[in-house]
Amino acid sequence: MIEELCQHVRQRLPGRLHFLIIHTVVNKVVNRWRYALRDEQGLVVAGLRADAHRAALAWLRDHGEIRASGQEYDDLLAETVLGGGFDAAAIRAGIDTWVRQRRVTETLILIQYLDLAETNGSAPSAQQVLHRLRERGRTLTPHDVHEALLSFHHLLQGQGGPPCPAPTR
């Protein structure tokens, strides 16, 4: 299991981290996930792979191997948070599209999601996003967060996606 995850991190960040650092990061992730490591087919759960990759990315950022404000970091964060296939430029273009379409609620959800992901080094839960938005006077549900993220993913794939429901008062 651990070697499989280490191999995954090596493939996602080739030549970027020493094998001992990868092993340490992966061990910490496995310890956090200790009760849900494999799915019904015995495969490593997808979230575990993503978490190991995010942890390695955070290590690179925290140890000055990637500039936190650089294009490389933006692209790696985009890949990590949105599952790959999209760079920072695509995300900015998607946000611009939503702003032009006046999809304010979804844009706020997405921006809060990305801000929390950057701060925490991992994808935030819907509850974390909701907590931040409630602090700013927004009343939404976890479903609203999930729908906004799914809609944004569809937008980036060129599929559009339905608008998120209006917030409740």
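The values are calculated or read from the model by the stated rules, or taken from the named source; none is laboratory data. Nothing here was measured: the structure is a model prediction, and the numbers come from that model. As a convention, Cβ positions derive from the backbone with ideal geometry for all residues, glycine included, and neighbour counts pool all protein chains shown. What goes into the accessible areas is simple: the full protein's heavy atoms, side chains included, and nothing from ligands, DNA or RNA. Shrake-Rupley method; radii C 1.70, N 1.55, O 1.52, S 1.80 Å.
What number of residues in region 112-141 are open to solvent by 50 Å² or more (accessible area, probe 1.4 Å) and not in a loop (DSSP other than H, G, I, E, B)?
Qualifying residue count, region 112-141: 10.
Only one residue in ALA93, ALA56 is over 21 Å from PRO124 (Cβ atoms), at pLDDT 70 or above and out of contact with any Pro (no Cβ under 9 Å at 6 or more places or on another chain). Which one? Give the derivation first.
Details: ALA56 fails: over 21 Å from PRO124 (Cβ atoms).
Within the list ALA93, ALA56, the selection yields ALA93.
Exactly one condition in (1) among the charged types (D, E, K, R); (2) open to solvent by less than 80 Å² (accessible area, probe 1.4 Å); (3) modelled with pLDDT of 70 or more is false for GLU65; which is it?
It is condition (2) that GLU65 fails.
When residues of region 107-140 are filtered for being among the β-branched types (Val, Ile, Thr) and free of Cβ contacts under 8 Å to residues at least 12 places away in the same chain, how many remain?
Total meeting the criteria: 1.
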